[in-house]
Amino acid sequence: MNETKLTSLLFILPCVFAFLMINIIPFGFGLYYSFTDWNGISTSVSFTGLKNFKNLFTAPDFLFSFLITIQYTLINVILVNVVSFLLALIVTSSVRLKNFYRAGYFVPYLIGGIVLGYIWQFIFNNILVSLGNTASIQFLQTSFLGKSGAVIFIMALVNTWQYAGYIMLIYVAAIQAIPSSLLEAAEVDGAGYVTRVRKILIPMTANAFTISVFLTLTSSFKQYDMNFTLTNGGPATRFLDTPVNASQLLTMNIVNTAAANRMGEAQAKAVILFIALLIISLIQVTVNKRKEQEM
């Protein structure tokens, strides 16, 4: 028994060590530096207490980034889940070549965020603008990425194109778990397709909906790579009479702050992002537990 425990411990230790080195220790240092004025280079560090956190709530760039991150998240959650559910309905129906469609819808998810951003940047800045100029379509003659009022929605559309195929698989699994006899009985009773979707499929995929919503919530808050390559935070706009970047999400704001040698301030922003994600995760766990108890 002791040898078994020792063997198990030896197998676990590398994972524990990696977890400590990659997650716990860096998080501890980051939390400490959020209360300092460290610039990321100097060996001298002064403790500033809650100064970094107080300054954040009066900093227009941080407040704007936080607000547009929430805006982007809400748009993204709605778009991704609606599109994903519709795609799931298509690939679980009797349509021909549904396996081909299923694979095709999933392929964009395999493209890295960096590459994805450059692809769509080229489409918006070159192809669509050229099309607008050639066909004299006025609203296409200016890139959507240069319009401060549209850029967040465009980012959500691009993310939906990439992420919908992945979330679709969650809905597909939930739909396929519904007994076919139930759907057949409803059809025999005269229920049309829309009625079956509304009365049977949607209620019985509620758990999948909950999982998908929280997955898209957390991924939206952590969005960086596509934001960096697609817009790089632009275009410029104003917030509280201060110049800000119209599409600089919270993660990009944190990275840019750290790159400006304001590491203490960047760590304070990262702590706030961590708290936001922690709250979302706790809500998800609570909701899932309640659903399990109801079942």
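Values in this text are rule-based calculations from the coordinates and carry no lab data. This is a predicted model, so every value here is computed, not measured. Virtual Cβ from ideal backbone geometry, glycine too; neighbours counted across all protein chains shown.
Cut-off 10 angstrom, C-alpha nodes, Gaussian network model of the chain. Which of Leu63, Leu183, Leu169 fluctuates the most?
Greatest mean-square fluctuation among the candidates belongs to Leu183.
Starting with the fewest neighbours, write out Arg196, Arg238 ranked by other beta-carbon atoms found within 10 Å of each beta-carbon.
If I rank by nearby Cβ atoms, fewest first, I get Arg238, Arg196.
In the chain, which whole DSSP H runs stretch at least 30 Å along their own axis (Cα) and average 1.6 or higher on the Kyte-Doolittle scale?
Those that pass (Cα extent of 30 Å or more, hydropathy at least 1.6) are 60-91.
With the Cα gyration tensor of the chain in hand, give its eigenvalues times 5 under a square root as the equivalent ellipsoid semi-axes, listed largest first in whole angstrom.
Working from the Cα gyration tensor, I get semi-axes of 38, 32, 18 Å.
If each residue's Cβ is checked for other Cβ atoms within 10 Å, how do Ile111, Ile178 rank with the fewest at the top?
The most exposed by this proxy come first: Ile111, Ile178.
For the chain, set up a GNM with springs between Cα atoms under 10 Å and report which of Leu201, Leu145, Leu250 has the largest fluctuation.
Leu201
Can you sort Leu10, Leu89 so the residue with the fewest Cβ neighbours within 10 Å comes first?
Least crowded to most crowded, the residues run Leu10, Leu89.
Taking a ≥ b ≥ c as the square roots of the eigenvalues of the Cα gyration tensor of segment 12-84, is the shape rounded (a/c under 1.5), prolate (a/b larger than b/c) or oblate?
Oblate, because a/c is 1.5 or more while a/b does not exceed b/c.
Kindly provide the helix-only [θ] at 222 nm of the chain, computed as the sum of -39,500 (n - 2.57) over DSSP H runs of four or more divided by all residues, to the nearest 500 deg cm²/dmol?
-21500 deg cm²/dmol
Which residue, Asn52, Asn227, Asn159, has the most motion in a Gaussian network model of the chain that connects Cα atoms within less than 10 Å?
The residue that fluctuates most here is Asn52.
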